[in-house]
Amino acid sequence: MRLFVLFLRARRAGYAAAMLACVSLLAWAAGREVLSLPVVVVEYLAPVIIFLALLGACVVAAGAGSPFGEAETTASFPLPVLRFAHLGPLLACGAGLFLLVAIAWDRTFAVPLLLRGLLGLSGMAFIIAFVLGSRLSWTLPMVFVVVIPLVGDGSGESRWAWWAWVDQPAADPLAWALATSFFVVGFWLVCLFRVSEMPGRAE
């Protein structure tokens, strides 16, 4: 237990949980303002949902690495178990808080859109945390979310290209498959392998 507490402290898990709570509160306030607008612009709630998922993913992934390295490697307790016990509940905490916000908005698309966004963007952030370090984990999901409105226009009946999964309708099966794939790969990488804070940093 002592080892696990030290592991969480080294990765600022308490700070991350507090940040998730603050993000949830701000998102709830922003969504409330959007919903107070005329019905014709209620669709603007979708960007609020996506950015809520983006911020949550970045907060969780930022804690994947430790500024002190992984001194726990000298312990006999398996590190993948510690990483899973850290990132899994932290992500679940964020999902729970965000779901409360989405439910309060009372829009049928809010919950699935938020869950899919949190899964996929967290996966992207985890992958970048593994490749470039946890401090840069925000880069790919942030660029992805910002660039989609510029280059992700679809053709025909679809508003967005197939790869722009984060902006697809909430029930789109391909979008769910892509988001889930990103999450599975990213979560597997950060749980099984070491993650530094910056690229090339020795641990």
- Which residues, taken from the stretch 96-127, are surrounded by fewer than 23 Cβ atoms within 10 Å (Cβ to Cβ), more than 19 Å from Ala29 (Cβ to Cβ) and at pLDDT 90 or above? Pro112, Leu115, Ile127
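Yes/no matrix, rows are residues, columns are (1) assigned to a helix (DSSP H, G or I); (2) modelled with pLDDT of 85 or more; (3) on the phi > 0 side of the Ramachandran plot:
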residue: Tyr44; (1), (2), (3): yes, no, no
residue: Val48; (1), (2), (3): yes, no, no
residue: Gly56; (1), (2), (3): yes, yes, no
residue: Pro67; (1), (2), (3): no, no, no
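The values are calculated or read from the model by the stated rules, or taken from the named source; none is laboratory data. Every value quoted in this text rests on a predicted model; they were computed, and no experiment measured them. Methodologically, a virtual Cβ is constructed for each residue, glycine included, from the backbone with ideal geometry; neighbour enumeration extends over all protein chains shown.
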